[in-house]
Amino acid sequence: MNFLKVVLIAVLFFAAPTWAESLTGPQNNAVRSAKQYLSMQGFSRSGLIQQLSSDYGDGYNRSDATVAVDSLNVDWNKQAVRSAKQYLRMQGFSCKGLIDQLSSSYGEGYTESQANYRARQTEACQ
């Protein structure tokens, strides 16, 4: 089992530069922007793509933004917890309200299961 993990890590390690080298200039720039956003706050996959491709955000082509986000190794569940905690620092939410905020396309855009599971790990749902 450990051998399989080592092989998988080696494959991912050596494949990552190949993936990055195959990105276009705009896609590489979108990757840089995405990393910057993720360093500041939690994002869902769809929320980050929306931020990168929106005319009110960075204005990247939606397909470039999608390729850029999908090239990153992001734990979206951790991002959901991060977003939930950020919302609770700003204001109070009921459990249902927090789940709705996290899963709404007008909110964060997490999947329903991500929002439900992660919100239940906060004080809003305990």
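The values are calculated or read from the model by the stated rules, or taken from the named source; none is laboratory data. On a predicted model such as this, the values are computed, not experimentally measured, just so you know. Backbone-built Cβ (ideal geometry, glycine too); neighbour counts: all protein chains shown.
The numbered conditions (1) loosely packed, with under 12 Cβ neighbours inside 10 Å; (2) part of a loop (DSSP other than H, G, I, E, B); (3) of a type outside the set (K, R) are all true for S113 except (2).
Condition check for N73 on (1) under 11 Å from the mean Cα position of the chain (by Cα); (2) within 27 Å of Q126 (Cα to Cα); (3) exposed (fewer than 12 other Cβ atoms within 10 Å of the Cβ): one failure, at (2).
Taking the criterion of being within 13 Å of S33 (Cα to Cα), out of contact with any Leu (no Cβ under 9 Å at 6 or more places or on another chain) and assigned to a helix (DSSP H, G or I), the residues of the range 50-80 that qualify are Q50, Q51, L52, S53. Among the numbered conditions (1) surrounded by 18 or more Cβ atoms within 10 Å (Cβ to Cβ); (2) under 26 Å from L23 (Cβ atoms), the only one that S83 does not meet is (2). Looking only at the range 87-110, residues that are touching a residue at least 12 places away in the same chain (Cβ under 8 Å) and among the polar types (S, T, N, Q) come to 4 in all. Based on what the data block shows, is V67 within 24 Å of N116 (Cβ to Cβ) and more than 9 Å from the chain's Cα centre (by Cα)? When the stated conditions are applied, V67 does not pass them. Scan the range 87-94 and tell me whether some residue there is surrounded by fewer than 21 Cβ atoms within 10 Å (Cβ to Cβ), modelled with pLDDT under 90 and not assigned by TED's automatic domain parsing to the domain that holds L38. No.
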